[in-house]
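Read the structure below first, then the notes.
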Amino acid sequence: MRKIFIDLVKDDDVLALPVEDANGNILLAKGSKIKQSTKDKLSKHGITTVYIKEGNNGDNIEPLEGNRDEALKMLKRQPLEEILISRINNYSRNDNASPIVKKVVEDIIFTLKNKNTLLVHFAHLRLIDNYTYEHSLDVCALSLVIGERLRLTRTSLYQLGLGALLHDVGKTKVSISITSKQGKLTDKEFERVKEHPLLGFQLLKDFDNNIPLPSCQVVLQHHERYSGTGYPRGLKGEKISKLSYIVGICDMYTAITAKRSYREAFSPKEAIELFMGTCNYLFPTQVVEAFLEGVAAYPNGSVVKLSNGLIAKVIMQDTLALKPIVKPLKYNSETEIRLVGNESLDIECLYE
Ligand SMILES: [Fe+2]
């Protein structure tokens, strides 16, 4: 079988694996054919790739080389700067990315698109699965928000953002049968996945690309934890770079708040509360505090359910991540509710 972008599926192609939505519901059975109307339907579910049958090669997944050119073309067409800026606006307490951050994003995308080998590996990341690719963009955007909160210099922000964008690039060296596996990994498979920071570091160091060392370090250390409980080397405290800690916490936040087919997502509230207890355990206090001050747990425009049952829209950020200013949708008035200082009223959950 072969993994292929949905736009490239032909009328005669037959599905080698079923297609599932984010909740694990089967949308299309194994053996189905995909018509144009079905492609449109799948796109609405955010599905960009499928596995199709090819000849009689059993269930072995074909190496990805054959698809790389297509992935590369698709990536070159993507307005990556715009995508990153819009995600930065979404994650940030401020409505608009600052001029410095916009410049840094321009520099990062320029580097990516002008170093062909780097772009090839980033494109390869997209072929593994769309989640890993989208997740890399999210981690990059959120890391820049937190990095700015920590008043990093423009150079450090560039190194941070580039490392964040490439933090999981080592997964391209792990077998696709492991990285694409739905459900729990075996211990042996998990041990292989845990090698991805080192594989990614080696990949970047092998290039004659002048990738800055702090960015390579981010790739190597983004799963290391303050207490020494991380991997691959079990480093502790100051041995781990500040940029790696920023990417580590942003990686964890975006991963646990994303809905996956095999588990429920943490609500922003649960994720923030989890991080409140991680000071000087998973991440240093300074980074946790910057994260809690910098992230918009409920971005402007999100619709939420309040603890009194009212459905409201977030209209502005306030001093606490979990307590923005909201406006109830029920009343067609200009009533705004400030949750900071209001002990009896809270956001219960995102309303979808
Ligand atoms: Fe990772």
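Bear in mind these aren't lab numbers, they're just calculated from the coordinates by the rules spelled out. All values reported here derive from a predicted model rather than from experimental measurement. All Cβ positions, glycine included, derive from the backbone under ideal geometry; neighbour counts span all protein chains shown.
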Inset, instruction - Search the structure for amide H atoms under 5 Å from the amide H of CYS349, placed 1.01 Å from N in the peptide plane, and list their residues when 5 or more places away or on another chain. - result: LYS305
Legend entry - Neighbour-limited loop hits for trypsin sites (Lys or Arg not before Pro), segment 93-195 (at most 11 other Cβ within 10 Å; DSSP other than H, G, I, E, B): ARG151, LYS184
Legend entry - Distant-in-sequence amide H partners of SER92 (H built 1.01 Å from N, under 5 Å): ALA296
Inset, instruction - Take each complete run of DSSP H in the chain, measure how far its Cα atoms stretch along the helix's own axis, and keep only those covering 24 Å or more with mean Kyte-Doolittle hydropathy at least -1.0; list them. - result: 130-149
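Which pairs break 18 Å Cα to Cα here: LYS181/LYS259; LYS73/LYS103; LYS269/LYS305; LYS194/LYS259; LYS10/LYS35?
Result: LYS73/LYS103; LYS194/LYS259 exceed 18 Å.
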Inset, instruction - For segment 246-352, run through the chymotrypsin sites (Phe, Trp or Tyr not before Pro) and keep only the ones in DSSP coil with at most 11 other Cβ atoms within 10 Å of their Cβ. - result: TYR262, TYR331
Inset, instruction - Using a cut-off of 13 Å between beta-carbons, work out the net charge of the residues near LEU84 (Lys and Arg +1, Asp and Glu -1, LEU84 not included). - result: -2
Legend entry - Test item: Cα-centred dipole of the chain, Lys/Arg +1 and Asp/Glu -1 on Cβ, debye: 240 debye
Legend entry - Reach of LYS76 by Cα under 18 Å, taken over lysines that are not fewer than 8 positions away in the same chain: LYS113, LYS115
Legend entry - segment 210-314: GluC sites (Glu not before Pro) in DSSP coil with no more than 11 other Cβ atoms inside 10 Å: GLU264
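By how many nm would the segment from ARG233 to SER344 grow when fully extended, if each residue of separation counts as 0.36 nm and the alpha-carbon distance is taken off?
Extra length available between ARG233 and SER344 comes to 35.4 nm.
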